[in-house]
Amino acid sequence: MALKLLDIPPEVLDHILSYLDIEPPSLQALHQEPSITLTESNVQPLKKLSLISHSLRRLIIPRLFKFSRIWLDWLCIEDLVELSSGSEDIDDFLNFVRLNDVRSHVEGLVLYTEVDLDPELDSTGLRHIRDSFGNSGFCGFAHLWRNLLTVLNPLFITMVAPPSTLTLLASCISKQQDAWAFDMPFHILHLKHSYTAPIVGSLKPVRVADLFYLRDWSHCTLNEGSSLKAYSTDEYSLKIAPSIATLRPFKFMTWFTSLDYIAIFPLTSHTYEISGLVKAMPNLESLRVRLAPEPSSKEDKERMRKNVPADMWMELDNGYSLILHSISALDRLKHFESLDYAAAGLQAGIDAALERKMRGWRRCGEGCWIRDSSLDSTKGPVTELI
């Protein structure tokens, strides 16, 4: 007699299902240019299998919602900005995970939105909103995160949003006055912590209900997309990229032990801000950087043709010099990786910059370097800036 799928013991069937439990698209695309399609995938084996029967669905549901996503529409964002009681969509999602008893299975959470808030809401306007509520911070968005993280305890959170909206989601302040000069429809902020904390009572009693303080986050990925459009504007070097990277110094920055910074030809003025962000994380042990397009990107090659090549490569060289200089201030940093090393045409320039800046380090693979204390006695610390 042929064995039916549902005749298999549940623990064996669950083990079989684990082979269909693939990495979510949001993690696979973290280092690609930010897009609202970050969470989309045509490969959905568990979802399709869950449609076969109720019995299978009950078994699959914990895995099916292991990586969950929440879409924030205009009504939801408006409610949060206006400090209303919250969002029905968020409440419905939380009620669902409670009802199906899957809250302990949610390991990753993605919040994404296309809502681009008023570009005139610049750093002064945002600061006014924050100050007008005293120490409560961005109350509506703080309420959102407290609701989510009281019920759920994901190991990572990813936000995909226009820069102005990400500013509010992260309870930060950013300068938006030159946003028009940059082709940055979305930024990605990815936070991760390395342990499983208890859900009940895990929220810290902080004065400002800020997402960064609600968990002891140990890893941050900041993907700010492309600055290529800015190079075609007058006095491009004076333009200020919209970014939360100016957020410092705060206590939570000392918790980060790893940072990935991804961008496409950021301006020198901005990588100066990034280098300051790196310095504000004294406990960093790992730093990974990409400042150029992926070699396979045809779209970026087309956009690059509209600019003066010398300008872009000069800004990239300056960016590496600034970031590598900031490394000299990080005594605990053990690992550095240039994700641009995959482009053969950039390898010689990266090698030259690293030779000048990273004394006391040795190569441990393509684009990877580790600190080697045995080299410190023969080569002094880096003091050169650019």
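The values are calculated or read from the model by the stated rules, or taken from the named source; none is laboratory data. Being a predicted model, the structure only gives us computed values, none of them experimental. Using ideal geometry, Cβ is built from the backbone for each residue, glycine included, and neighbour counts are taken over all protein chains shown.
Some points to look at:
- Selection within region 157-178 - out of contact with any Asp or Glu (no Cβ under 9 Å at 6 or more places or on another chain) and not acidic (Asp, Glu): Ile157, Thr158, Met159, Val160, Leu166, Thr167, Leu168, Leu169, Ile173
- For beta carbons closer than 6 Å, sequence separation of 6+ or different chains, a first residue in region 44-62 that is without any contact (Cβ under 8 Å) to a residue 40 or more places away in the chain and at negative phi and a second that is part of a helix (DSSP H, G or I) and charged (D, E, K, R), the qualifying pairs are Leu46/Arg63; Ser50/Arg57.
- Wholly enclosed strands (runs of 3 or more DSSP E) of region 302-381 bearing at least 3 residues modelled with pLDDT of 90 or more and out of contact with any Lys or Arg (no Cβ under 7 Å at 6 or more places or on another chain): 335-338
- Some residue of region 132-146 being surrounded by fewer than 19 Cβ atoms within 10 Å (Cβ to Cβ) and at pLDDT 75 or above: yes
- Some residue of region 233-242 being part of a loop (DSSP other than H, G, I, E, B), among the hydroxyl-bearing types (Ser, Thr, Tyr) and either buried (at least 23 other Cβ atoms within 10 Å of the Cβ) or at pLDDT 90 or above (or both): yes
- Ser269 being part of a helix (DSSP H, G or I), buried (at least 18 other Cβ atoms within 10 Å of the Cβ) and of a type outside the set (A, V, I, L, M): no
- Residues that are of a type in the set (A, V, I, L, M) and buried (at least 18 other Cβ atoms within 10 Å of the Cβ) were ranked within region 71-93; the one that is modelled with the lowest pLDDT is Val81.
- Odd one out for Tyr320, checked against (1) of a type in the set (Ser, Thr, Tyr); (2) buried (at least 18 other Cβ atoms within 10 Å of the Cβ); (3) out of contact with any Gly (no Cβ under 9 Å at 6 or more places or on another chain): (3)
- Scanning region 176-206 for residues that are modelled with pLDDT under 80 and either farther than 17 Å from Arg146 by Cα or of a type outside the set (Lys, Arg) (or both) yields Ser194, Tyr195, Thr196, Ala197, Pro198, Ile199, Val200, Gly201, Ser202, Leu203, Pro205, Val206.
- For region 31-65, a residue qualifies if it is closer than 30 Å to Pro295 by Cα, surrounded by 18 or more Cβ atoms within 10 Å (Cβ to Cβ) and in contact with an Asp or Glu (Cβ under 9 Å, 6 or more places away or on another chain), and the qualifying residues are Glu33, Pro34.
- Residue check for Leu111: in a helix (DSSP H, G or I), at pLDDT 90 or above, within 23 Å of the chain's Cα centre (by Cα) and crowded, with 20+ Cβ neighbours inside 10 Å: no
- Count of region 1-22 residues which are closer than 30 Å to Leu72 by Cβ and exposed (fewer than 10 other Cβ atoms within 10 Å of the Cβ): 0
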